[in-house]
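Asks: The following block contains the structure, expressed as structure tokens.
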């Protein structure tokens, strides 16, 4: 046995030694053989410890590199002793097979191999060797974490030893008992300090890169020379001290945090941020909140640009006539055009921001549904916090449907409108949008500004998908009126061909009052005799075909082509009906003579608001066919006007568009909101009645919730308002019952 331990087993006869061991067990000397073998193993281990291990103990002094080298020597020495011990133990096991098969079973003691491992634990894996061994492994790990190279195989050799050693079958291996706990303790201290160090020396992208490298490094470390089971605990330490403890700090780092990464479109850094944040339970919610706050802040910054335009946007491209220079530029028109551009810019900026965050969601955030929900909530928040968003979105659609097809293909315009519908989905006040969209659509149809009927109907189809048939019913009715009016005018032209036609050709659009927006001013005026004759001719024709109907003329919505002779040449002017009425007054006025504002008002009976707009258009715009006295950009009741016979222009045909409507005052804004609120009351009452007719019996809270659900496609009902409407219907019901009872 001593020969085996001294590596001279080649001189021995296996059969002879096996027979000796067999005979000893057979002669009832198994205990003596077993105990003697254990004593020799212990003696050999003690000799190896003093001879190979103790001289390799690190001095504990010197620089980190020196301590690492000394630790490596110790690890190699322990591995050498292990290899020597297991080699001898393996040969002893072969010689003592009969003892293991017979004696150990009857004596209930470990077989010689297992006993040899236990003896290795007691005589090698013991203080102070154990302490030096642990310190050496920790030194190697720390050295590698600090960026220096180490001999991984030396560490792995000792870790493998500890993984094979157990004090009993029911206990964990020696690695888990004596090595893993200090590794985890030291790792926690290291990464707690590392987190603070990185925060103080790195920007957010660099911090994330370093942290990701740490995760990869620890995974590689546990894979190559530590136990793979250690990685779970190490990863938890990394998550706690490099991520969880610093989530908000990383996101809000000045000049490098989430906002800066988004602004710089750093998709790779954002993708890394997402990967790391999803590792910890609180990471994704923190990222979602930060993204939501970022989107809301950006959206509100877009809205700030428009706060200077504190007025309603006219939406007319008539303001283009007021882009002159200096004093010729009308203040009202300039404000309207500027406000329109701000509205269009706001929507386009929102669409651009939506595209940006959609791209980030796909490319950096891996289509994460929770992130998508947060982004959508943010867009909904800031869009609905902008009180003019329904109007601005309607204006953007209006601008694309008026001019969008110029220079763009149908597919491009359809793509823009699809994006706009995505923004429209975020609106809660869809009924307010409907009010504006109906007005803008009406102007496009009445003034012939719709470039494509297919595009208009395609937009209606999109709105119907989003909000249902009820939302677009009246809008479709407007298209129906346009088609019927076209057929009516063909029939009227056939009728005129058989009779004596009036001197003025007219084209009439008959609008069903329930379909078209009644926000138009029902302003009338004293039409010239020629226009009265023509309008009376059509009215008689129409009423002869439709009994029981009543026609109300809307001159404020009309326009006319008129030839006007100036000194230089004759021009064909396209003007509003009101402007035509004003111009015709100067037909009987001698050249150079003037008409006062009051005289024009008395002769035409045009309301002040419309009269001022049209006089401003004719006298202050790009094409000044009238002269105003005194000169200025605004029209006042004290002004006077004369025909500008010296007017000249390079174009034969000139379109003189009316200046955009004046802005709403605060009082008028309140009136608009009051009308919307009144409409909502009726819709809530109708919804309540429909639900109760269907359900018969229902709890109050359930009824409120159901009303809210059904009306959510148009607006977000206030639960208090729903409650008031329920109470109002109950009062009406009791009052009706009381009167019926008395009757």
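Asks: Looking at residue 462, is it touching a residue at least 12 places away in the same chain (Cβ under 8 Å), more than 22 Å from residue 341 (Cα to Cα) and in a helix (DSSP H, G or I)?
Replies: Values: touching a residue at least 12 places away in the same chain (Cβ under 8 Å): yes; more than 22 Å from residue 341 (Cα to Cα): yes; in a helix (DSSP H, G or I): yes.
Yes: the conditions hold for residue 462.
Asks: Go through region 151-177 and count every residue that is outside any loop (DSSP other than H, G, I, E, B) and over 17 Å from residue 230 (Cβ atoms). So that I can check it myself, show each step before the final result.
Replies: Quick first cut of region 151-177, residues outside any loop (DSSP other than H, G, I, E, B) only: 152-164, 174-177.
This time we only want the ones that are over 17 Å from residue 230 (Cβ atoms), so: 153-154.
Total meeting the criteria: 2.
Asks: Among the residues of region 472-480, are any under 30 Å from residue 582 (Cβ atoms) and not in a loop (DSSP other than H, G, I, E, B)? Before the answer, list the steps.
Replies: To start, the set of residues in region 472-480 that are under 30 Å from residue 582 (Cβ atoms) comprises 478.
Within this subset, residues satisfying the condition of being not in a loop (DSSP other than H, G, I, E, B) are 478.
There is at least one residue in region 472-480 that is under 30 Å from residue 582 (Cβ atoms) and not in a loop (DSSP other than H, G, I, E, B).
Asks: Just one of 635, 707, 732 is surrounded by 13 or more Cβ atoms within 10 Å (Cβ to Cβ), modelled with pLDDT under 85 and not assigned by TED's automatic domain parsing to the domain that holds residue 380; which is it? Step through it out loud before you land on a result.
Replies: On the way: 635 fails: modelled with pLDDT under 85; 732 fails: surrounded by 13 or more Cβ atoms within 10 Å (Cβ to Cβ).
Just one listed residue meets the conditions, 707.
Asks: Now for a different question. Is there a residue being over 26 Å from the mean Cα position of the chain (by Cα), surrounded by 14 or more Cβ atoms within 10 Å (Cβ to Cβ) and in the same structural domain as residue 398 (by TED's automatic domain parsing) anywhere in region 415-435?
Replies: The first filter runs over region 415-435 and keeps only residues over 26 Å from the mean Cα position of the chain (by Cα), leaving 435.
Next, only the ones that are surrounded by 14 or more Cβ atoms within 10 Å (Cβ to Cβ) stay: 435.
Subsequent filtering for residues that are in the same structural domain as residue 398 (by TED's automatic domain parsing) retains 435.
Taking every residue of region 415-435 in turn, at least one turns out to be over 26 Å from the mean Cα position of the chain (by Cα), surrounded by 14 or more Cβ atoms within 10 Å (Cβ to Cβ) and in the same structural domain as residue 398 (by TED's automatic domain parsing).
Asks: So residue 612 passes all but one of these: (1) in contact with a strand residue (DSSP E or B) (Cβ under 7 Å, 6 or more places away or on another chain); (2) without any contact (Cβ under 8 Å) to a residue 24 or more places away in the chain; (3) surrounded by 15 or more Cβ atoms within 10 Å (Cβ to Cβ). Which condition number does it fail?
Replies: Of everything listed in (1) in contact with a strand residue (DSSP E or B) (Cβ under 7 Å, 6 or more places away or on another chain); (2) without any contact (Cβ under 8 Å) to a residue 24 or more places away in the chain; (3) surrounded by 15 or more Cβ atoms within 10 Å (Cβ to Cβ), residue 612 misses just condition (1).
Asks: Please count how many residues of region 683-718 are more than 23 Å from residue 464 (Cβ to Cβ) and in a loop (DSSP other than H, G, I, E, B).
Replies: Counting residues in region 683-718 that are more than 23 Å from residue 464 (Cβ to Cβ) and in a loop (DSSP other than H, G, I, E, B) gives 5.
Asks: Are any residues in region 260-277 within 18 Å of the chain's Cα centre (by Cα) and surrounded by fewer than 18 Cβ atoms within 10 Å (Cβ to Cβ), and if so, which ones?
Replies: Residues satisfying the conditions are 260, 263, 264, 265, 267, 271.
Asks: Related question: Considering only region 94-150, how many residues are closer than 30 Å to residue 215 by Cα and assigned to a helix (DSSP H, G or I)? Step through it out loud before you land on a result.
Replies: Let us first name the residues in region 94-150 that are closer than 30 Å to residue 215 by Cα, namely 130-150.
Narrowing the set further to residues that are assigned to a helix (DSSP H, G or I) leaves 130-145.
Adding up the residues that qualify gives 16.
Asks: If we scan region 675-682, do we find a residue that is farther than 18 Å from residue 429 by Cβ and modelled with pLDDT of 75 or more?
Replies: Taking region 675-682 and keeping what is farther than 18 Å from residue 429 by Cβ, we get none.
No, region 675-682 contains no residue that is farther than 18 Å from residue 429 by Cβ and modelled with pLDDT of 75 or more.
Asks: Within region 541-553, can one find any residue that is in contact with a strand residue (DSSP E or B) (Cβ under 9 Å, 6 or more places away or on another chain) and over 21 Å from residue 612 (Cα atoms)? So that I can check it myself, show each step before the final result.
Replies: Keep residues of region 541-553 that are in contact with a strand residue (DSSP E or B) (Cβ under 9 Å, 6 or more places away or on another chain), which gives none.
No.
Asks: In addition: Going by what's in this entry, would residue 20 be described as modelled with pLDDT of 90 or more, surrounded by fewer than 20 Cβ atoms within 10 Å (Cβ to Cβ), more than 30 Å from residue 146 (Cα to Cα) and in contact with a helix residue (DSSP H, G or I) (Cβ under 6 Å, 6 or more places away or on another chain)?
Replies: On the way: modelled with pLDDT of 90 or more: yes; surrounded by fewer than 20 Cβ atoms within 10 Å (Cβ to Cβ): yes; more than 30 Å from residue 146 (Cα to Cα): yes; in contact with a helix residue (DSSP H, G or I) (Cβ under 6 Å, 6 or more places away or on another chain): no.
Here the answer is no, as residue 20 does not meet what is asked.
Matching residues to (1) without any contact (Cβ under 8 Å) to a residue 60 or more places away in the chain; (2) surrounded by 15 or more Cβ atoms within 10 Å (Cβ to Cβ); (3) under 49 Å from the mean Cα position of the chain (by Cα); (4) on the phi > 0 side of the Ramachandran plot:
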site	(1), (2), (3), (4)
103	no, yes, no, no
111	yes, yes, no, no
115	no, yes, no, no
121	yes, yes, no, no
139	no, yes, yes, no
146	no, no, yes, no
151	no, yes, no, no
165	yes, yes, no, no
183	yes, yes, yes, no
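Asks: Got a sec? Which of 654, 606 is under 52 Å from the mean Cα position of the chain (by Cα), crowded, with 17+ Cβ neighbours inside 10 Å and over 19 Å from residue 555 (Cβ atoms)? Walk me through it before giving the result.
Replies: Details: 606 fails: over 19 Å from residue 555 (Cβ atoms).
Just a single option satisfies the conditions, and that option is 654.
Asks: Looking at region 640-653, can you tell me whether even one residue there is in a loop (DSSP other than H, G, I, E, B), farther than 16 Å from residue 573 by Cβ and touching a residue at least 12 places away in the same chain (Cβ under 8 Å)? Outline the logic, then answer.
Replies: Start the filter on region 640-653 by keeping residues that are in a loop (DSSP other than H, G, I, E, B), which leaves 644-652.
Narrowing further to those that are farther than 16 Å from residue 573 by Cβ: none.
Within region 640-653, not a single residue is in a loop (DSSP other than H, G, I, E, B), farther than 16 Å from residue 573 by Cβ and touching a residue at least 12 places away in the same chain (Cβ under 8 Å).
Asks: If we scan region 31-54, do we find a residue that is outside any helix (DSSP H, G or I), in the same structural domain as residue 157 (by TED's automatic domain parsing) and either surrounded by 14 or more Cβ atoms within 10 Å (Cβ to Cβ) or in contact with a helix residue (DSSP H, G or I) (Cβ under 8 Å, 6 or more places away or on another chain) (or both)?
Replies: Taking region 31-54 as the starting set, the residues that turn out to be outside any helix (DSSP H, G or I) are none.
No, there is no match, as no residue in region 31-54 is outside any helix (DSSP H, G or I), in the same structural domain as residue 157 (by TED's automatic domain parsing) and either surrounded by 14 or more Cβ atoms within 10 Å (Cβ to Cβ) or in contact with a helix residue (DSSP H, G or I) (Cβ under 8 Å, 6 or more places away or on another chain) (or both).
The values are calculated or read from the model by the stated rules, or taken from the named source; none is laboratory data. What you see is a predicted model; the values in this text were computed from it and never measured. We place every Cβ from the backbone using ideal geometry, glycine too, and count neighbours over all the protein chains shown.
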